[in-house]
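I have placed the structure first, in the form of structure tokens, so that the comments after it can refer back to it.
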Amino acid sequence: MCAMRPEHEPKRPASGPSRDEGAAGGNAVLNRAEASAGKTVLTSEEIRRALSRIAHEILERTHGGEGVVLLGIPTRGVYLARRLAARIGEFEGAPVPHGSLDVTMHRDDLRLRPARALQRTEVPPDGVDGKTVVLVDDVLFSGRTVRAALDALNDLGRPRAVQLAVLVDRGHRELPIRADYVGKNLPTAHREMVRVLLTETDGQDSVLLGERAR
């Protein structure tokens, strides 16, 4: 089965701090962010291993990646999908189609916060019809974002199957959605915030767990 995430979850921009502003300044920003966000629950090396394991699991469950398309949910899900595609390509010696899937117009809280920037949807040339589409996201929380992604995917075609891969599953589901591939199951309290930092957007790889600002 597949899964999605909403805005009952922490807002996606809050998953990581702003882009680094130069070497020393950027490091200072990140250090302050880590201090306020709390403890590190996944290091760079642990993220690397988790993605390698997920890549292997995808290959095992899809008969060597036959007909697989990876679609990342912006923002960080897109970069995770690219990394997974690269890992699978290394293991199999062949490129893996991947892209991005914007869910903005399918969110169930759109009427509450109508002013949103649209993200890019990029689908491989062969499309998604008859493919095994693996949706990729950074954090699975309530499941509402994944539900929105399923609706957005339905506009693009009819996949043979849809699966979900997430780096972190923090629990507290509000919809009957679960991930097929999980980097780390992380028990959390509602008041806590999970911050995923990636080199492509934040200058470093780590996952932080801390208290949400009140």
Looking at segment 123-146, I want the residues that are under 22 Å from Leu110 (Cβ atoms) and have a partner that is in a loop (DSSP other than H, G, I, E, B) and among the hydroxyl-bearing types (Ser, Thr, Tyr) with Cβ atoms under 9 Å, at least 6 apart or on another chain. Which pairs are those?
Asp138/Thr75; Phe141/Thr188
For residues that are assigned to a helix (DSSP H, G or I) and more than 15 Å from the chain's Cα centre (by Cα), scanning just segment 149-158, find the one that is surrounded by the fewest Cβ atoms within 10 Å (Cβ to Cβ).
Asn154
Condition (residue is loosely packed, with under 15 Cβ neighbours inside 10 Å and either closer than 18 Å to Tyr79 by Cα or polar (S, T, N, Q) (or both)) applied to segment 127-148: is it met by at least one residue?
no
I'm checking my understanding of the structure. Among residues of segment 44-96 that are assigned to a loop (DSSP other than H, G, I, E, B) and of a type in the set (Val, Ile, Thr), which one is nearest to the chain's Cα centre (by Cα)?
Ile73
Every residue in segment 97-110 that is part of a loop (DSSP other than H, G, I, E, B) and either at pLDDT 95 or above or in contact with a His (Cβ under 8 Å, 6 or more places away or on another chain) (or both), please.
Pro97, Leu101, Asp102, Val103, Asp109
Regarding segment 158-167, can at least one residue be identified that is touching a Pro at 6+ places or on another chain (Cβ under 8 Å) and either closer than 30 Å to His63 by Cβ or in contact (Cβ under 8 Å) with a residue 12 or more places away in the chain (or both)?
no
What is the residue count in segment 169-200 for residues that are buried (at least 19 other Cβ atoms within 10 Å of the Cβ) and β-branched (Val, Ile, Thr)?
4
Would you confirm whether any residue within segment 19-35 is modelled with pLDDT of 95 or more, farther than 25 Å from Arg120 by Cβ and not in a loop (DSSP other than H, G, I, E, B)?
no
Residue list for segment 168-198, restricted to those being within 20 Å of Ser44 (Cα to Cα), in contact (Cβ under 8 Å) with a residue 40 or more places away in the chain and not in a strand (DSSP E or B):
Leu186, Leu198
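The values are calculated or read from the model by the stated rules, or taken from the named source; none is laboratory data. This one's a predicted model, so the numbers in the text were calculated from it and none came from an experiment. Neighbour counts are summed over all protein chains in view; Cβ atoms, including those assigned to glycine, are modelled from backbone coordinates with ideal geometry.
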